[in-house]
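**Q** Handing you this structure, nothing more for now.
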């Protein structure tokens, strides 16, 4: 199974809200997590194997993912 979430804000970064949403969806799959953000000029992506809290643990990763629109997933290997 997988959990998928998307958020759009007209102003301000949405990476923190997306992270919190992924934590709520993690029961749908705990093997991996990934996030894509955009500020409409560039897409930024980060994904890795592991729990959401471990994948996005470094502040530098979350800082890199600033943007107004995002999509993310957490899931198992078959998703």
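**Q** Out of the residues in the range 48-63 that are surrounded by 14 or more Cβ atoms within 10 Å (Cβ to Cβ) and in contact with a strand residue (DSSP E or B) (Cβ under 6 Å, 6 or more places away or on another chain), state the one that is nearest to residue 3 (Cα to Cα).
**A** Here the residue is 52.
**Q** Read through the list (1) in contact with a strand residue (DSSP E or B) (Cβ under 8 Å, 6 or more places away or on another chain); (2) closer than 13 Å to residue 2 by Cα; (3) at pLDDT below 90, then give the number of the only condition that residue 70 fails.
**A** Result: residue 70 passes all but (2).
**Q** Any residue at all in the range 34-50 that's under 21 Å from residue 76 (Cα atoms), free of Cβ contacts under 8 Å to residues at least 40 places away in the same chain, out of contact with any helix residue (DSSP H, G or I) (no Cβ under 6 Å at 6 or more places or on another chain) and in a loop (DSSP other than H, G, I, E, B)?
**A** yes
**Q** Is it the case that the range 67-76 has a residue that's free of Cβ contacts under 8 Å to residues at least 40 places away in the same chain, outside any loop (DSSP other than H, G, I, E, B) and on the phi < 0 side of the Ramachandran plot? Full working, then the answer.
**A** Step one: list which residues in the range 67-76 are free of Cβ contacts under 8 Å to residues at least 40 places away in the same chain, which gives none.
Looking for residues that are free of Cβ contacts under 8 Å to residues at least 40 places away in the same chain, outside any loop (DSSP other than H, G, I, E, B) and on the phi < 0 side of the Ramachandran plot, one finds none in the range 67-76, hence no.
**Q** Could you go through the range 6-21 and let me know if any residue there is surrounded by 13 or more Cβ atoms within 10 Å (Cβ to Cβ), touching a residue at least 24 places away in the same chain (Cβ under 8 Å), outside any helix (DSSP H, G or I) and touching a helix residue (DSSP H, G or I) at 6+ places or on another chain (Cβ under 6 Å).
**A** For the range 6-21, residues surrounded by 13 or more Cβ atoms within 10 Å (Cβ to Cβ), touching a residue at least 24 places away in the same chain (Cβ under 8 Å), outside any helix (DSSP H, G or I) and touching a helix residue (DSSP H, G or I) at 6+ places or on another chain (Cβ under 6 Å): present.
The values are calculated or read from the model by the stated rules, or taken from the named source; none is laboratory data. These numbers were taken from a predicted model, which means no experiment stands behind them. With ideal geometry, Cβ positions are generated from the backbone for all residues, glycine too; neighbour counts draw on all protein chains shown.
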